[in-house]
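Asker: The structure follows.
The values are calculated or read from the model by the stated rules, or taken from the named source; none is laboratory data. No experiment lies behind these values; they were computed from the predicted model shown. Cβ atoms come from the backbone with ideal geometry, glycine included; neighbour counts cover every protein chain shown. What goes into the accessible areas is simple: the full protein's heavy atoms, side chains included, and nothing from ligands, DNA or RNA. Shrake-Rupley method; radii C 1.70, N 1.55, O 1.52, S 1.80 Å.
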Amino acid sequence: MKNMNPDLQAHLDEGTTTLSWCWRIARADGVSFGFTDHDVTLSFDGTDFEPESGLTASEVRSGSDLSVDAQDAEGVLTSDRITETDILDGRWDNAEVEVWRVNWADTGQRVLMRRGAIGQIRRGRLAFVAEVRSLAHVLGQTVGRTFQATCDAALGDARCGVDLEDPAYKGTGAVIDLLRDRAFTASGLGGFTSGWFTFGTVEWTSGANAGRRSEIIAHDVTDGIAVVTLLEAPVRPFAETDTFSIRAGCDKRMETCGAKFANIANFRGFPHIPGQDAVLRYATKDGGHEGAVL
């Protein structure tokens with residue numbers, strides 16, 4: 001049950017209304033935005049809801065069960081607030097959304113219709129359509145641990161316990177030369193062996209990608225020159241002299257946990273769990289019938 005503003009209810013009862021949609025969006029990087037489908041800027045609760053983005057809303061799709069309710073917000077890519085590069089870069093992914101129904105003639109008359117998060121974003125050449133999912137989408141997320149041979153902890157988190165700020169696991173460097181759109185030679189990494197940063201991360205400290213983080217798929221050292229290959233090419237191309245901090249990676253195997261990080265006590269996998277070969281085994285006449293461990 002929504003708490004309807006009495007003045008807004010009286011306005012709705014009149015039959016002729018002056019209503020608009022407003023969206024307040026808070027991205028994961030802490031930046032907040034306000035948008036409206038009205039033709040002038042509306043302001044309330046310390047947020048300016050701007051019309052320049054050209055946002056329009058679909059009908060609200062909702063049900064009485066626990067399925068994920070949704071609404072689409074469509075807009076053009078010409079706004080300097082919503083750019084194609086930011087969408088590709090994931091800056092709008094899972095952003096928190098408040099959807100308001102507002103009397104644009106008196107913004108004090110408003111009601112919060114829903115809270116949710118940005119879901120799937122479909123892009124075209126000139127426009128985008130963003131899905132606004134209800135809070136029920138959180139119920140669809142996997143919760144709990146997975147029984148698997150490899151470790152299910154994230155390297156450096158509380159369950160892992162490895163200090164990635166330790167100089168043994170962290171380095172700094174700069175791009176020397178571009179090899180491909182996701183590979184480069186780097187300075188400052190001469191003290192680390194080949195493969196040390198494989199499956200690790202690069203956090204850019206200057207250039208177009210400053211503040212962004214990229215995953216590493218390979219780290220090679222040849223004649224003292226380090227070559228770093230990223231899992232995916234950054235949306236914003238990196239350039240020579242761009243600086244970064246780099247952290248070691250882990251392939252989640254128990255052997256790596258012990259040899260590389262001396263952290264076997266915190267290993268979060270089940271290396272002795274039977275694999276698929278145990279499922280496919282069958283009885284044979286050549287032994288194996290004494291009740292011993294297979």
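Asker: Without any contact (Cβ under 8 Å) to a residue 12 or more places away in the chain, aliphatic (A, V, I, L, M) and surrounded by fewer than 19 Cβ atoms within 10 Å (Cβ to Cβ), is that true of Ala239?
Answerer: Working: without any contact (Cβ under 8 Å) to a residue 12 or more places away in the chain: no; aliphatic (A, V, I, L, M): yes; surrounded by fewer than 19 Cβ atoms within 10 Å (Cβ to Cβ): yes.
Spelling it out, it is not the case that Ala239 is without any contact (Cβ under 8 Å) to a residue 12 or more places away in the chain, aliphatic (A, V, I, L, M) and surrounded by fewer than 19 Cβ atoms within 10 Å (Cβ to Cβ).
Asker: I'd like the full set of residues that are touching a strand residue (DSSP E or B) at 6+ places or on another chain (Cβ under 9 Å), of a type in the set (Ser, Thr, Tyr) and within 19 Å of Leu155 (Cα to Cα), limited to the range 204-263.
Answerer: Ser214, Ser245
Asker: Give the residue, chosen from Gly275, Gly269, Gly224, Gly249, that is among the small types (Gly, Ala, Ser), in contact with a Cys (Cβ under 8 Å, 6 or more places away or on another chain) and touching a residue at least 24 places away in the same chain (Cβ under 8 Å).
Answerer: Details: Gly275 fails: in contact with a Cys (Cβ under 8 Å, 6 or more places away or on another chain); Gly224 fails: in contact with a Cys (Cβ under 8 Å, 6 or more places away or on another chain); Gly249 fails: in contact with a Cys (Cβ under 8 Å, 6 or more places away or on another chain).
Exactly one residue qualifies, and that residue is Gly269.
Asker: Would you say Asp152 is touching a Gly at 6+ places or on another chain (Cβ under 9 Å) and open to solvent by 40 Å² or more (accessible area, probe 1.4 Å)? Steps first, answer last, please.
Answerer: Working: touching a Gly at 6+ places or on another chain (Cβ under 9 Å): yes; open to solvent by 40 Å² or more (accessible area, probe 1.4 Å): yes.
In short, yes.
Asker: I've got another one for you. State the number of residues belonging to the range 217-236 that are assigned to a strand (DSSP E or B) and surrounded by 13 or more Cβ atoms within 10 Å (Cβ to Cβ).
Answerer: Start the filter on the range 217-236 by keeping residues that are assigned to a strand (DSSP E or B), which leaves 217-222, 225-230.
Of the ones still in play, those that are also surrounded by 13 or more Cβ atoms within 10 Å (Cβ to Cβ) are 217-221, 225-230.
Number satisfying all stated conditions: 11.
Asker: Now for a different question. Of the conditions (1) assigned to a helix (DSSP H, G or I); (2) open to solvent by 60 Å² or more (accessible area, probe 1.4 Å), Thr256 clears all except one; give me its number.
Answerer: (2)
Asker: Check every one of the strands (runs of 3 or more DSSP E) wholly within the range 163-212 and list those with 3 or more residues that are buried (at least 20 other Cβ atoms within 10 Å of the Cβ). Quick ask: steps written out before the conclusion?
Answerer: Values: elements: 170-180, 183-187, 201-204.
Qualifying strands (runs of 3 or more DSSP E): 170-180, 201-204.
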